[in-house]
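Pasting in a structure now, in structure tokens, and then I'll have a few things to ask.
The values are calculated or read from the model by the stated rules, or taken from the named source; none is laboratory data. It should be emphasised that the depicted structure is a prediction, and the values quoted were computed from it without experimental measurement. Cβ sites come from the backbone with ideal geometry, for glycine too, and all protein chains shown count toward neighbours. Surface areas here come from the heavy atoms of the whole protein model, side chains and all, with no ligands, DNA or RNA. Shrake-Rupley method; radii C 1.70, N 1.55, O 1.52, S 1.80 Å.
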Amino acid sequence: MIYGSLNLTSSGITHIPPKLIVINSLIMRYSQMESLPNGLQVLEDLDLKNTPVKTLPQDLQVGGNVFLENSQISELPDNFGIEGGLDLENTPIKTLPRNLFVGDYLNIQGTNITALPEDLYVGKNLLLDVDRIAHNAAFENILAQGVIWPRQDWGGGKRAAARAEAGQSVVY
């Protein structure tokens, strides 16, 4: 158990022990870690930006956000759920798993995802490339909730920042 945060940014570490519990955040940006151990629990954020990680363990528990931007993540476990946000921007992932639960935002911009699973739950905003997502039932359901932030609508910078600050979502 780690009481506090564990920062392994740019480290040469390739393994961490199974059943590790990190009370705060686990930060592994630019590390050489290719996989995470079974039983890993991170009570706050898990940051795997710019890592070679391709999959996550089935029993991973994260209490905050999961940052996977620019990683090599190609799939997520079925029934994966996190209380915070999930950032998959610029990853090679092609599909989202069954029963994905994201309590905050989901960012799938710059991915190869072309459809959303019907049992997807996103608590707040969904950031995506509208031209890549087929208009399926899940997309229409999320669109009706008003939580979609299409990349093409972010262009104004100040306008998007003002909408985000006001807690508004973009519906096109």
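Looking at the range 1-32, which of its residues are exposed (fewer than 14 other Cβ atoms within 10 Å of the Cβ), within 21 Å of SER74 (Cα to Cα) and among the β-branched types (Val, Ile, Thr)?
Within the range 1-32, THR14 is the sole residue that qualifies.
Among the listed residues LEU96, LEU126, LEU116, identify the single one that is at pLDDT below 90 and under 11 Å from the mean Cα position of the chain (by Cα).
Of LEU96, LEU126, LEU116, the one residue that is at pLDDT below 90 and under 11 Å from the mean Cα position of the chain (by Cα) is LEU126.
Output the residues belonging to the range 33-43 that are touching a strand residue (DSSP E or B) at 6+ places or on another chain (Cβ under 8 Å) and open to solvent by 10 Å² or more (accessible area, probe 1.4 Å).
GLN41, LEU43
Can you tell me how many residues within the range 9-31 are in contact with a strand residue (DSSP E or B) (Cβ under 8 Å, 6 or more places away or on another chain) and more than 22 Å from GLN58 (Cα to Cα)?
So the answer is 1.
In addition: Within the range 56-76, is even one residue closer than 15 Å to TYR121 by Cα and in contact with a strand residue (DSSP E or B) (Cβ under 6 Å, 6 or more places away or on another chain)?
no
Next question, about the same structure. Restricting to the range 85-96, and then to whatever is in a loop (DSSP other than H, G, I, E, B) and open to solvent by less than 10 Å² (accessible area, probe 1.4 Å), can you tell me which residue is nearest to SER25 (Cα to Cα)?
So the residue we want is GLY85.
So for the range 131-138 (the condition being on the phi < 0 side of the Ramachandran plot, modelled with pLDDT of 95 or more, in a loop (DSSP other than H, G, I, E, B) and of a type in the set (S, T, N, Q)), does at least one residue qualify?
no
Have a look at ILE2, ILE27 and point out the one that is at pLDDT 95 or above and either β-branched (Val, Ile, Thr) or over 22 Å from ASN107 (Cα atoms) (or both).
ILE27
Can you pull out the residues in the range 44-79 that are open to solvent by less than 20 Å² (accessible area, probe 1.4 Å) and in a strand (DSSP E or B)?
Selection gives LEU46, ASP47, VAL62, VAL66.
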